[in-house]
Structures are given as C-alpha cells and as structure tokens.
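Notes to accompany the following structure.
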Amino acid sequence: MHIPDGYLGPATSGVFYAVMIPLWMAAARIVKKTLKARQVPLLAIGAAFSFVIMMFNVPIPGGSTGHAVGGVLVAILLGPWAAMIAITVALVIQALLFGDGGITAIGANCFNMAVVIPFVGYYVFTLISGGAPANSRRRVVAAFIAGYAGINAAALMAGVEFGLQPHLCHTASGQALYCPYGLRIAVPIMVGEHLLIFGWIEAVVTALVVKYLYQHAPELFGQEGQK
Amino acid sequence: MKPVTKMWMALGVVILLSPLGLILPKHFKAGSAWGEWSSTEIQKMIGYVPRGLARLGEIWKAPMPDYAFKGWEEKGLTHLSFAYIVSAILGVALIVLVTWLIGRCLAKKGE
C-alpha cells in the first residue's frame, strides 16, 4: 500500500500534502492536550511496532504481497490523533531511508495509512465496544472488526488514488503518464486483496494484542481505550 | 516486569523474525505488491514505461533501498535476511528517537 514515486501525478501528490499539513497541525495541537508524559514510551513503541509489522510481507502465492499496518492497534491504545503522529513517523522513515513509499507520495501514503486506518479503526472500535467492560469478549471482537475495517478503507483510498491517474494524466495518444491502471482495475484489486487476505492479518494482530493487553496491562489503555 | 519492558522485548523478537517477510514471498514466488513495480516490471506488463513515472521514479535514492544494503541485490537469502534485520534495528532506533522527541515536546509534564 506504499505508493512509490512516479505513480501519482504532481496534482494528486500536492493535494494530499495540502490535506495532510493541517491534519498534522491539528494532531500536534490535540495530542498536546491529551498525551501524558508516561505515555511517551508507548507512543514510540507503537510507531516502532507499526514499522516492523509492515516489514512482514505476506505473499499471495504466485501473485503479489501485502502486509498489516498495526495502525488500528495504536489508535485503540493512544487515540487516533496520537496514532496519526506515530504512523507518520514510521512512514517518513520508510520513504527516506528504505525507499518504501515515495517522497512525493508521503502526503497520500500518510492520508491512507496514518489517517484513514487509525480513524476508521478507532471509531469502529468505540462504536462496537462502547460501554462494554474492559477485558470483555465484545472488546476483542470490536478490535478484530476495527482492524479489518481500517485497513480495507485505506486500501480503497489507495486504489482510488492509483486508479484516478490514467484518467487525469495521459499523453495525446492515450499513454498513461503515471500509474497506468484505471479505477476499474486498481480499486477492485486493491480492495479485493485486502478484503480476502491482508485485512484478516490486520484484524488478527489487532485483536490478539488488544486481548493480551486487556488481560495483562489494562492500565495501558488510557481513557481512550476504556470509553 | 513492567508491561512496557515486556513490549520492548516483544519488539526485539518481532525484529528477529522480520526476515520471514522476505523469505515467505520468495518461497511462494510472489512478486511486488500491487502498484509498487519497478520500471522493468511495468515495461513487461504494459509494453512501455509511463513517461512521468520514469522521471519521478528517480527523484529519490534511498540509502538502503528495499531494506538491504546497496549492491546486495544479487546476494543470497541469508545475506538479505541479515540486511533485513539490520534495517529493522536501524529503522526502529530512528523511529523511537524521533517519536520520543516529538512525544516529549508535546506531552504534559509530570503526568
């Protein structure tokens, strides 16, 4: 889901940077009010976990690969705004140091993975788990569904971003300038492979870690995880 | 042991296991992730390399492309797994440092 340099035209890349800048500023303002000093190590661990989870490429035999992001997990623990900061840091280091995701696509990749995943995941989690006691089965099920929903929403966004390119930017003879596959191919493939395979990995990882933490370290869930 | 200490240890274990993310796709002959192909792969798939893609694709040369050392593309899986772990350690160290600094600047003191 890491869009490389060259797959998005300058307009699309620019729009997503323009969308992300106020979101990053809002995240800083909101996290400043809510993050406690004792939660800082958890924020760092969350960012690091997300980074390493993304290195576990899961193969579709003979086909492509994909991976979980861990973004819903961080959002359930620290809230979606803090998760946005943590995952943004992971994505920027991936792009700069490892060429995983383009630098021109940082805005779009952050929108998909650092905004859509944590926010969709967080609100699905609170909607389903709202009022349920900590360490109840409903919270684990909620985490599972939230993980699945979050990553699939991001895959849909990435599919739309890829798929818009040949419609937006092509030569007079009809050759694509950037991503060559249109919406009718990009969206079904991106969404399909996440609905069928990679989404379940995000769901299982989110549910298992949430279950473990409710049992062994419920104090880690701030008021965020107990609402 | 404090839960956060346990989490650091779990992170270490996950780092050591990370080469699975390299070995399994090779074993099952899986190619690139969708939309993350190289120019050569695109050339094969559609018969040309989109002009903008060729130009923008060169904009940034990452120091450790694909979580490996430069020039190691032809090395075996053992070498690449080692490079993958080194990349994971480096990446985690940098991310922890940056996130920690941002967290320290933002967090309320003494709570």
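The values are calculated or read from the model by the stated rules, or taken from the named source; none is laboratory data. The shown structure was predicted, so the numbers you read here are calculated from the model rather than taken from an experiment. When we count neighbours, we look across all protein chains shown, and the Cβ atoms used for this are built from the backbone with ideal geometry, even at glycine.
Residues that are touching a residue at least 40 places away in the same chain (Cβ under 8 Å) and part of a loop (DSSP other than H, G, I, E, B) were ranked within segment B:18-33; the one that is surrounded by the most Cβ atoms within 10 Å (Cβ to Cβ) is B:SER18. Looking at segment A:82-96, which of its residues are over 9 Å from A:ILE106 (Cα atoms) and either at the interface with another protein chain (Cβ under 9 Å from one of its Cβ atoms) or more than 11 Å from the chain's Cα centre (by Cα) (or both)? Matches in segment A:82-96: A:ALA82, A:ILE85, A:ALA86, A:VAL89, A:ALA90, A:ILE93, A:GLN94, A:LEU96. No other residue among A:VAL69, A:VAL74 is of a type outside the set (Phe, Trp, Tyr), under 12 Å from the mean Cα position of the chain (by Cα) and assigned to a loop (DSSP other than H, G, I, E, B) apart from A:VAL69. Taking the stated definitions as given, is B:ALA62 crowded, with 16+ Cβ neighbours inside 10 Å and in a loop (DSSP other than H, G, I, E, B)? In short, yes.
Condition check ((1) crowded, with 19+ Cβ neighbours inside 10 Å; (2) closer than 28 Å to B:GLN43 by Cα; (3) at pLDDT 95 or above) across all residues:
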site: A:ALA90; (1), (2), (3): yes, no, yes
site: A:GLY101; (1), (2), (3): yes, yes, yes
site: A:ALA132; (1), (2), (3): no, no, no
site: A:ALA142; (1), (2), (3): yes, no, yes
site: A:MET157; (1), (2), (3): yes, yes, yes
site: A:PHE162; (1), (2), (3): yes, yes, yes
site: A:SER173; (1), (2), (3): no, yes, no
site: A:LEU183; (1), (2), (3): no, yes, yes
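For the condition assigned to a helix (DSSP H, G or I), more than 13 Å from every other protein chain (Cβ to nearest Cβ), without any contact (Cβ under 8 Å) to a residue 40 or more places away in the chain and within 18 Å of the chain's Cα centre (by Cα), A:ALA142 qualifies. Of the residues making up segment B:64-111, just one is at the interface with chain A (Cβ under 7 Å from one of its Cβ atoms), in contact (Cβ under 8 Å) with a residue 24 or more places away in the chain and in contact with a Lys or Arg (Cβ under 9 Å, 6 or more places away or on another chain), namely B:MET64. Looking at segment A:115-134, is at least one residue touching a residue at least 40 places away in the same chain (Cβ under 8 Å) and in a loop (DSSP other than H, G, I, E, B)? Checking segment A:115-134: at least one residue is touching a residue at least 40 places away in the same chain (Cβ under 8 Å) and in a loop (DSSP other than H, G, I, E, B).
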